[in-house]
Amino acid sequence: MTTVALEHVSKTFATHESSGGHKITAVEDVSLKLNTGDVLAILGPSGCGKSTLLRLISGIHKPDKGRILYDDVDLEDVPLRERGIGMVFQEGALIPHWESRRSVGFFLSLRNREPEVPEKLHQISKITGIGINQLLDRRPSHLSGGEKQRVGIARALARDLQVLLFDEPFANLDAKYRTEARVELKRLLNAFPVTSVYVTHDQVEAIALSHRIAVMRAGKIDQVGTYQQLYTSPHNIFVATFIGSPPINLFKGRSINGLWQGENFGGYHLRRDLPEDSKVTAAIRAEHMHLQDGGIPGVVEQVVPMLAERHQLITTHLGGETWTITVPLDQHIERGSTIYCGLQENEMLFFDTATGVRIG
Ligand code: ADP
Ligand code: MG
């Protein structure tokens, strides 16, 4: 297993003249460090540069600036066949630098010779429920897309890899299958730890599979941390709203006499060094708001029961603002009625509205 480090890595593409012939910076000044056995998720919206970043880590793309190190050695100085990289894409597994002759020979030599099948393959077969023969078969033409993906991942893990890279491997599966595949992959990675990077736009997947999450936006990594760190102390509004469901409630306001004052409510203490009357956005999650007599009035727009969580999400609005609060399931709340909301002040976050940067 290997440590992987990215140092100030950038990658720019020139677009074709027919589409304007300008340059797109797909990855900009990204620095990351993965320790041996780490599973890092790269989470971000479509087009933010996740796949490009993964291709840089694999060596498929060369960075324009910066460098990528495997065990402190520049990737460019590691011959392709010695990199020991496994890649799993949306379309299926692909092991680019795999010496195919040797691996086919290895797999063929094991066919119908069960006693010689290595313990590792047996274990993988047991965890995934995939038969040894399917694991060994190089052309499983009778498998569905989802099955191919599972077999591909299991096969990749059966090899002694240094680094395993995933690019939204389950994006094409339906929801039920996706959840199963996720659980299975998690079991596999627990049993056979490999330094891994997992690209996804799905936060649930990122949370379930990784140790840490890097939130990416427009070519840059905004923040790296555990799910809890990102959830409770986001560095900016983008991370705050991208992590968590329903999205965190945002309220526009200003700093007046050291206090935050919003459109509909206010009076919360702010950092003292803020200029008077600067624009500040307050943020608070639905679970930190509740019903409170004499609180902030809101007209109920939507009521969504969350049975597993044992509460209902109530979306309300007042003036130009909309927010969501959690309410116990047994409270009967009608659409169109007015409810009164309170919030836990110590859970509020504050952001500079102009830059999005967290200021409290
Ligand atoms: P993501 O995987 O997050 O959806 P990508 O890494 O695929 O994002 O793309 C990031 C940006 O770089 C996009 O604007 C995309 O159009 C552009 N891009 C990616 N690959 C190429 C390429 N080979 N040539 C030109 N532009 C590219
Ligand atoms: Mg992509």
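Nothing in this text is a laboratory measurement; each read-out follows from the coordinates by a stated rule. Keep in mind it's a predicted model, so treat the numbers as computed, not measured. All Cβ positions, glycine included, derive from the backbone under ideal geometry; neighbour counts span all protein chains shown.
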If I build a Gaussian network model for the chain, linking alpha-carbon pairs within less than 10 angstrom, which residue out of TYR231, TYR198, TYR340 has the largest mean-square fluctuation?
TYR340
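With the Cα gyration tensor of segment 222-286 giving a ≥ b ≥ c as the square roots of its eigenvalues, does the rule (a/c under 1.5 for rounded; else a/b larger than b/c for prolate; else oblate) give rounded, prolate or oblate?
On the way: a/c = 2.76, a/b = 1.80, b/c = 1.53.
Cα axes put segment 222-286 in the prolate bin.
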Return the aspartates and glutamates within reach of LYS33: Cα separation strictly under 18 angstrom, same-chain partners fewer than 8 residues apart disregarded; answer none if there are no such residues.
GLU7, ASP71, ASP72, ASP74, GLU76, ASP222
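Sort ARG335, ARG159 so the one with the fewest other Cβ atoms within 10 Å of its own Cβ comes first.
On the way: ARG335 11, ARG159 15.
Placing the least packed residue first, the sequence is ARG335, ARG159.
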For the chain, averaging the sequence separation of alpha carbon pairs under 8 Å that lie six or more residues apart and dividing by its residue count, the contact order in percent is 15
Rounded to the nearest 5, what % of the DSSP beta bridges within segment 4-241 are antiparallel ones?
55
Contact order relative to length for segment 224-326, counting C-alpha pairs under 8 Å separated by 6 or more residues, stands in percent at 21
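If you stretched the chain out fully between THR338 and ILE24, how much longer would it get, using 0.36 nm times the residue separation minus the C-alpha to C-alpha distance?
Numbers: separation 314, 0.36 × 314 = 113.04 nm, distance 4.84 nm.
Residue separation times 0.36 nm, minus the Cα-Cα distance, leaves 108.2 nm.
How would GLU7, GLU205 line up from fewest to most surrounding beta-carbon atoms within 10 angstrom?
Details: GLU7 16, GLU205 24.
Listing GLU7, GLU205 from fewest to most nearby Cβ atoms yields GLU7, GLU205.
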At a Cα cut-off below 27 Å, give the lysines reachable from LYS252, other chains included and same-chain residues fewer than 8 away excluded.
LYS220, LYS279
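So what is the 222 nm mean residue ellipticity for the chain from helices alone, if each DSSP H run of at least 4 adds -39500 (n - 2.57) and you divide by all residues, rounding to the nearest 500 deg cm²/dmol?
On the way: 9 runs with 85 residues, N = 360.
Computed ellipticity for the chain at 222 nm equals -7000 deg cm²/dmol.
Between Rg and the Kirkwood Rh of segment 120-233, both from Cα atoms, what is the Rg to Rh ratio? List each step's numbers first, then the result.
Values: Rg = 15.1 Å, Rh = 15.2 Å.
Taking Rg over the Kirkwood Rh, I get 1.00.
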Lysines whose Cα lies under 22 Å from that of LYS126, excluding same-chain neighbours fewer than 8 positions away
LYS148, LYS176, LYS186
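What's the Cα-based Rg to Rh of the chain, Rh via Kirkwood? Could you put the intermediate results ahead of the total?
Working: Rg = 24.7 Å, Rh = 23.3 Å.
Here Rg/Rh amounts to 1.06.
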